[in-house]
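Beneath this line is the structure, given in structure tokens, with notes to follow.
No lab work stands behind these numbers, since they all come straight from the coordinates. Quantities reported herein were computed from a predicted structural model and do not represent experimental measurements. Because the Cβ atoms are built from the backbone with ideal geometry, glycine has one as well, and the counts that use them run over all protein chains shown.
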Amino acid sequence: MIEARGLSKHYGAKVAVDDISFSIRPGQVTGFLGPNGAGKSTSMRLMVGLDRPTSGTVTIDGQRYRDLAAPLAEVGTLLDAKGVHPGRSARSHLRTLAATHGISDRRVSEVLEQTGLSSVAHKRVGGFSLGMGQRLGIAAAILGDPRVLILDEPINGLDPDGVLWVRQFLRHLASEGRTVLLSSHLMSEMAQTADHVIVLGRGRVVADAPIGEFISQGRGETVTVRTPEAAKLASLLLSGASPNVTLEPLTDEGFTTQGLAAAEIGGIAARNGIELHELSPVQASLEDAYIALTRDQLDYTSN
């Protein structure tokens with residue numbers, strides 16, 4: 001388990017992380033989300049002792065990272081896939097890491113095989129593609145067979161097969177009772193991988209919930225409505241409902257609405273003799289919920 005309590009980090013006048021608290025539990029994949037500059041990478045650096053907090057604490061299974069006797073065997077990290085000497089081969093890089101913890105060459109071969117790098121194990125890392133570099137970073141993270149994994153954008157640069165492999169692999173690790181923290185800007189992939197999400201905005205926690213709950217709370221039900229009397233039905237919905245109801249026109253005979261369930265809309269139409277051609281709830285998405293929540297948390301926006 002990873003636990004942050006009152007964690008803050010200031011760089012001069014810049015507040016990167018602002019008094020955040022959360023628990024990242026074993027047995028699930030936790031997605032770490034937020035706009036650029038929200039504090040995700042800083043938080044991850046604080047977890048593994050690369051930065052010191054200005055205040056507060058962050059522990060891994062009850063200990064600070066710097067106090068762990070064998071860090072590779074307890075915490076696997078991927079924070080910068082490019083942090084490898086370009087003149088070394090993939091095998092040489094992993095063997096160097098393994099030597100610090102007495103990990104066998106057999107285990108090095110195992111992780112090369114697991115990550116699909118066996119055929120390029122003796123090639124220099126400087127000639128690797130971005131996706132191959134990511135695979136090597138994941139190989140290094142799992143080298144010590146750790147109980148905790150902290151991965152920053154691990155699918156960046158991977159092809160579709162690689163993305164699928166990472167998704168299945170992380171879910172398998174979580175099913176074994178490990179703690180898995182994963183950051184990504186790819187909402188569609190996060191929706192298929194994460195069980196729980198923590199969202200940061202301007203250095204603060206703005207959401208901490210199971211992914212299904214986050215999606216449903218972030219957007220609410222959206223319903224597509226098509227009827228020859230669209231204007232009449234729209235007027236009835238807006239005049240008789242709560243101020244939270246919104247409508248967006250689709251065509252002269254249709255619109256989407258939020259704030260009312262499909263059954264409520266159907267009832268209003270029936271009582272007023274309005275013929276319906278379509279009344280269908282639209283599945284909410286993680287991307288929609290995330291954008292709605294973080295729209296006001298952006299440091300940089302485009303017109």
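Taking amide H atoms as placed 1.01 Å from N in the peptide plane, the amide H of residue 76 lies under 5 Å from those of 148, 149, 150, each 5 or more residues away in sequence or on another chain.
From helices alone, the chain scores -10500 deg cm²/dmol at 222 nm; the rule is -39500 (n - 2.57) for each run of n ≥ 4 DSSP H residues, then divide by the residue total.
Taking Cα atoms only, the orientation of helix 230-240 departs from the longest principal axis of the chain by about 80 degrees. With neighbours defined as other Cβ atoms within 10 Å of a residue's Cβ, the residues 48, 15 order from fewest to most as 15, 48. Here region 161-229 is treated with +1 on each Lys and Arg Cβ and -1 on each Asp and Glu Cβ, and its dipole about the Cα centre works out to around 200 debye. The mean sequence distance of close C-alpha pairs (under 8 Å, at least 6 residues apart), as a share of the length of the chain, puts its relative contact order at 21 percent.
Applied to region 151-167, the Karplus parametrisation 6.51 cos²θ - 1.76 cosθ + 1.60 on θ = phi - 60° returns per-residue 3J(HN,Hα) values of 10, 9, 6, x, 9, 4, x, 7, 7, x, 5, x, 4, 4, 4, 4, 4 Hz, with x for Gly and Pro.
Among the listed values (1) 59, 53, 46; (2) 77, 45, 38; (3) 60, 49, 44, the one matching Cα extents along the principal axes in Å as calculated from this structure is (2).
Can you give the charge dipole size of region 101-195 about its Cα centre, rounded to the nearest 20 debye, using +1 on the beta carbon of Lys and Arg and -1 on the beta carbon of Asp and Glu?
220
For the chain, the number of Lys pairs with C-alpha atoms closer than 29 Å, counting only pairs eight or more positions apart or on separate chains, is 6.
Its Cα centre serving as origin, the chain has a Cβ charge dipole (Lys and Arg +1, Asp and Glu -1) of approximately 1460 debye.
Summary of the geometry: region 123-145 and region 155-216, compared by the centres of their Cα atoms, lie 20 Å apart. Taking the DSSP beta bridges with both ends in the chain, the antiparallel portion is around 65 percent.
3J(HN,Hα) along region 104-121: 6, 5, 4, 5, 4, 5, 4, 6, 4, 5, 4, 9, x, 10, 4, 6, 10, 4 Hz, from the Karplus curve 6.51 cos²θ - 1.76 cosθ + 1.60 with θ = phi - 60°, whole Hz, x for Gly and Pro.
Close amide H pairs (under 5 Å, H built 1.01 Å from N) link residue 29 with 195, 196, residues at least 5 positions away or on another chain. Among the GluC sites (Glu not before Pro) in region 166-216, those placed in a DSSP loop whose Cβ has at most 13 other Cβ atoms within 10 Å are 176. The phi torsions of region 145-150, fed into the Karplus equation with coefficients 6.51, -1.76 and 1.60 and a -60° offset, translate into couplings of 6, x, 8, 10, 10, 10 Hz, rounded to whole numbers, with Gly and Pro shown as x.
Here is the size of region 221-283 from its Cα atoms: Rg then Dmax, 10.1, 27 Å.
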